[in-house]
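The values are calculated or read from the model by the stated rules, or taken from the named source; none is laboratory data. Predicted model only: the values in this text are computed from it and were never measured. Please note: Cβ atoms are built from the backbone with ideal geometry, for glycine as well, and neighbour counts cover all protein chains shown. Areas reflect the complete protein model, heavy atoms only, side chains present, ligands, DNA and RNA absent. Shrake-Rupley method; radii C 1.70, N 1.55, O 1.52, S 1.80 Å.
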Amino acid sequence: MTITTVILMTDSHLSLLKLLQLSSPTLPVGAFAYSQGLESAIDSGIIKDSKALRVWLTDSLELSLKHVDLPIFFRLYHAWQNEDLNVVMQWNQILRAQRETNELRSEDHHLGLALARLLKDLDVTEAKALHKRNDLCFITLFTLAANKWNIDIQQAANGFVWSWLDNQIAAAIKLVPLGQTDGQKVLSDLLPKIPNIVEQSTLIEDDDIGASLPMMAILSAQHETQYSRLFRS
């Protein structure tokens, strides 16, 4: 094995470790505090068991993340790569406009702001100019970190979706309630879908970006006034 090969392997391993850091549930951005309509769906009786949870999450992956979050994820990544802040903020605003309720916009803003502050403290220069904005989206900062830490775009997108899915299942375990093993079964069933969804999202043209999940939006709005809540609104 040559010295060059060793260096390349070390860089690859480091970028993987950075992706694990960025996707970790311990990342101090507060994602654990939100359920994205899931709590309201459980309170309304739409989700009562692991089977219903699997359907809910599959719909979210196929109908929302694939058509909104991921196509914009790739565009933001490339905009950061090209050091084009104007394009970054254009896609940030388009993504923000896709959040159909005050709850979803508030979540995206708080997570994005928290990640901007963290990246600033980790000496990511671009984050220093963004951490005081009131219109940031989480994916905007996630793709910035992925760029600065030399994380492959496909791996970064897969890591982002895994992080979202893991957080949703963690919320369901608390709310359904769902056992830890049942939660892992749902996760294992849905993991194989992630690479395909990520790949399919790369084929979506600019004019085709967008989706609406009316029931999720209604439940998210209802969650703002739900009598008893475990998660933030």
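A compact table of results
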{"item": "Contact order normalised by residue count of the stretch 95-233, Cα under 8 Å, 6+ apart, percent", "result": "25"}
{"item": "Size of charge dipole - the chain - debye, nearest 20, with Cβ of Lys, Arg +1 and Asp, Glu -1, no other charges", "result": "620"}
{"item": "Whichever aspartates and glutamates have a C-alpha closer than 17 Å to that of K18, once near sequence neighbours (fewer than 8 apart) are set aside", "result": "D121, D123, D152"}
{"item": "Accessible area of F138 in the full protein assembly, 1.4 Å probe (Å², nearest 10)", "result": "30"}
{"item": "Square roots of five times the Cα gyration tensor eigenvalues for the stretch 89-130, Å", "result": "22, 12, 5"}
{"item": "Relative contact order %, the stretch 74-168, counting alpha carbon pairs below 8 Å whose residues are six or more apart", "result": "30"}
{"item": "Cα gyration tensor shape for the stretch 33-109, rounded if a/c is under 1.5, else prolate or oblate", "result": "prolate"}
{"item": "C-alpha long axis of helix 70-81 to longest principal axis of the chain, angle in °", "result": "30"}
{"item": "J(HN,Hα) series, the stretch 84-96, from Karplus relation 6.51 cos²θ - 1.76 cosθ + 1.60, nearest Hz, glycine and proline x", "result": "10, 5, 4, 5, 4, 6, 4, 6, 4, 6, 5, 5, 4"}
{"item": "Distance between the stretch 191-233 and the stretch 172-189 - C-alpha centres, whole angstrom", "result": "19"}
{"item": "Value at 222 nm in deg cm²/dmol, rounded to 500, when DSSP H runs of n ≥ 4 in the chain each add -39,500 (n - 2.57)", "result": "-20500 deg cm²/dmol"}
{"item": "Unit charges on C-beta of K, R, D, E only; dipole of the stretch 5-109, Debye", "result": "140"}
{"item": "Peptides 204-215, 117-128, 162-173 ordered by average Cβ neighbours within 10 Å, highest first", "result": "162-173, 117-128, 204-215"}
{"item": "Protein accessible area in the chain, 1.4 Å probe - carbon and sulfur %", "result": "53"}
{"item": "C-alpha long axis of helix 214-223 to longest principal axis of the chain, angle in °", "result": "80"}
{"item": "Cα gyration tensor shape for the stretch 180-233, rounded if a/c is under 1.5, else prolate or oblate", "result": "oblate"}
{"item": "Among 74-83, 139-148, the order from most to least packed when residues are scored by Cβ within 10 Å on average", "result": "139-148, 74-83"}
{"item": "Contact order normalised by residue count of the chain, Cα under 8 Å, 6+ apart, percent", "result": "36"}
{"item": "Alpha-carbon centroids, the stretch 18-84 and the stretch 129-160: separation in whole Å", "result": "14"}
{"item": "Accessible area per residue in Å² at 1.4 Å probe, computed on the chain", "result": "50"}
{"item": "Relative intensity, log₁₀ I(q)/I(0), of the stretch 48-163 from a Debye sum that treats every alpha carbon as a point, q = 0.10, 0.13, 0.18, 0.21 Å⁻¹", "result": "-0.30, -0.50, -0.91, -1.20"}
